[in-house]
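Step one of this worksheet: look at the structure below.
Coordinate-derived values only; no laboratory data. Remember, it's a predicted structure, so these values are computed and weren't measured experimentally. Ideal geometry is used to build each Cβ from the backbone, glycine not excepted, and the neighbour counts take in all protein chains shown.
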Amino acid sequence: MIQYFFSFLPENNLVDIRILIPKVQEKSLELHLPMWRPGRYQLQNFVKNVLNFSARVQNGEKLEWRKSQKNIWQVADTQDKNVEIRYQYFAKELNAGSSFVNKHFLYVNPVNLCLYLPKLINETFEVNIYRESTESEYSGGLGVVSYGNTLKLQPKDFHHFFDSPFIISKGILHERFSVGEVWFHVWIEGVFQIDKQRLIRDLSKIAETQIRIFGEFPEQDYHFMLIVPENTFYHGVEHRNSTVMVLGENGVLPETYYNDLLGLASHELFHAWNIAKIRPKELLPYDYGKENYFETCFVAEGFTTYYGDKILLESGVIGYEEYLHELETTFRRHFEESDNASQSLLESSFDLWVDGYEKGTPNKKVSVYSKGAIVALILDLKIRAKFKEKKSLDHVMKVLWKRYGDMKRGYTYLDIQKIAERVYGENLREYFEIAIEGNGSIFDYTSSHLVYLGLQLEWIEDKCRLKVL
Ligand SMILES: [Zn+2]
């Protein structure tokens, strides 16, 4: 079995990685570094942080190697040998999807820095993580199989490891709660001025509400991992049974960020179903070597953004006024910035890989997050109005979960249309043409649906406002 050994050089912000590959059959080996990470649909340059690569026979002579592409290392003359690869990764950038090592804590996103053999991507392997002191606690979605100075992990395959970031820290705070059979862990690294008990209570209400929508939780446990950074930051990344959130202002997480924290946690938890499991066809499985274009990010991110906020209201952790404020913020993001954009939601989803995470060309793209959340709201209101609250978008989510939750196949845009129409009980062509495929303004269309909630959109001095009728 392949073994990985991680150790750390905090004073230099380095992760040292050693890989032992036993009894290699092939004449040469190809090691790849991922070109992107799930959750951010854009190529990244992790490889710029790799240094001191070397290859040798275990305890023996050096092996020749060369790079064939910027993220691919080819090692020659490997047949019948136990091969040892070694390199370091410079980990000095802190966001929810990066790796960061300093004297206080170690934060590793394996997808940033783990070289893998594409042929063995579905095989299990062993990871050994060396920690200076046993007082340093490990937190992460991937369970530890043996403790000591060296922590041993055994991911099911590389997808599992890539989706299981971990933190090792002496000072990390740990709380937990359960909902039914499922244990939820809360890990907090950094200075935190929020009432812990209130947070645990509210997170458990949020988890309960989400589990009620889908009928079950996809995993046995879940980890909310929060890092309060030195600078000001607001970022979260979803994983199969965890999320990492980097949130705070000048080195502290003040009480004023409470609703932001709940909103982020709710959004990321919803992803445990919607993207970690229920996944577009094009992303199943993930191909870490290139762009994975897909048109349906309004489901993965738009629906999740809509539910992230709606669940705060439904679980009672925020009031109606606060919810309307969140809704208005979503409307303002879309209507004040991109209601006249030239792309449809489908086009902007595909182009996430082009310029999805930057400001980009004016009047070109729409946000899959904010326009995606608005079209989710419209679909929800259509269903709720027709069935007088007996059905809602929850039914669409539940069908998606039942049909795609086992990850045997992914959905297409056509599948989404069919499922929505089945729940609605009639044709929804007009909705899909206007809201998803079209590039015209959806201001009046949205406002006309909001009437069902006794709300309306209006423009006041170039600002989009939500008016209670
Ligand atoms: Zn998201």
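Based on DSSP H segments of at least four residues, each scored -39500 (n - 2.57), the chain has a per-residue ellipticity at 222 nm of -8000 deg cm²/dmol.
Summing charges over all other residues whose Cβ lies under 12 Å from the Cβ of Ser99, with Lys and Arg as +1 and Asp and Glu as -1, gives +1.
Of the trypsin sites (Lys or Arg not before Pro) found in segment 36-84, those that fall in a DSSP loop while having at most 15 other beta-carbon atoms within 10 Å are Lys70. For the chain, the longest principal axis of the Cα atoms and the long axis of helix 196-214 meet at an angle of about 70 degrees. Sequentially through segment 219-224, phi angles give Karplus couplings (6.51, -1.76, 1.60; θ = phi - 60°) of 10, 7, 8, 8, 10, 8 Hz, Gly and Pro residues having no value and appearing as x.
So how tilted is helix 258-270 from the main axis of the chain? Cα-based, degrees 0 to 90, rounded to 10. Around 80 degrees separate the two axes.
Could you work out the local net charge near Glu137, counting Lys and Arg as +1, Asp and Glu as -1, over the other residues with Cβ closer than 11 Å to its Cβ? In short, 0. Partners of Lys81 within straight-line reach, counting lysines whose Cα lies under 26 Å from its Cα and excluding those fewer than 8 residues away in the same chain: Lys23, Lys27, Lys62, Lys67, Lys70, Lys119, Lys152, Lys156.
When chymotrypsin sites (Phe, Trp or Tyr not before Pro) are flagged only if DSSP places them in a loop and at most 16 other Cβ atoms lie within 10 Å, the longest unflagged stretch of the chain comes out as 1-146. Taking Cα atoms only, the orientation of helix 413-424 departs from the longest principal axis of the chain by about 40 degrees.
Of the three principal axes defined by the Cα atoms of segment 208-333, the extents in descending order read 40, 35, 33 Å.
For segment 167-207, GluC sites (Glu not before Pro) are listed when DSSP marks them as loop and at most 15 other Cβ atoms sit within 10 Å of their Cβ; the list is Glu181. Consider all pairwise Cα distances in the chain and report the whole-number % of them above 36 Å. The calculated P(r) of the chain puts 32 percent of pairs beyond 36 Å. Figure legend: label point modelled 7 angstrom from the Cα of Glu433 along Cα→Cβ; residues of segment 333-360 with amide N under 19 Å from it are 343-347. Considering the dipole of the chain built from charges on the beta carbon (Lys and Arg +1, Asp and Glu -1) around the Cα centre, which of Leu199, Val83, Val375 is farthest to its positive end? Positive-end residue among those listed: Val83.
Amide H contacts for Phe192 (H built 1.01 Å from N in the peptide plane; partners 5 or more residues away or on another chain; cut-off under 5 Å): Leu253.
Annotation for segment 107-138: GluC sites (Glu not before Pro) lying in DSSP loop with at most 12 further Cβ atoms inside 10 Å of their Cβ are Glu135. Its Cα centre serving as origin, the chain has a Cβ charge dipole (Lys and Arg +1, Asp and Glu -1) of approximately 1060 debye.
With θ taken as phi - 60° and the Karplus curve 6.51 cos²θ - 1.76 cosθ + 1.60 applied, the whole-hertz 3J(HN,Hα) list for segment 317-325 is 7, 10, x, 5, 4, 5, 5, 4, 5 Hz, x standing for glycine and proline. In the chain, the DSSP beta bridges split such that about 80 percent are antiparallel, to the nearest 5. Take every Cα pair under 8 Å whose residues are at least 6 apart in sequence, average their separation, divide by the length of the chain, and the relative contact order is 12 percent.
Bridgeable lysines around Lys103 (alpha carbons under 17 Å apart, same-chain partners fewer than 8 residues away excluded): Lys92, Lys170.
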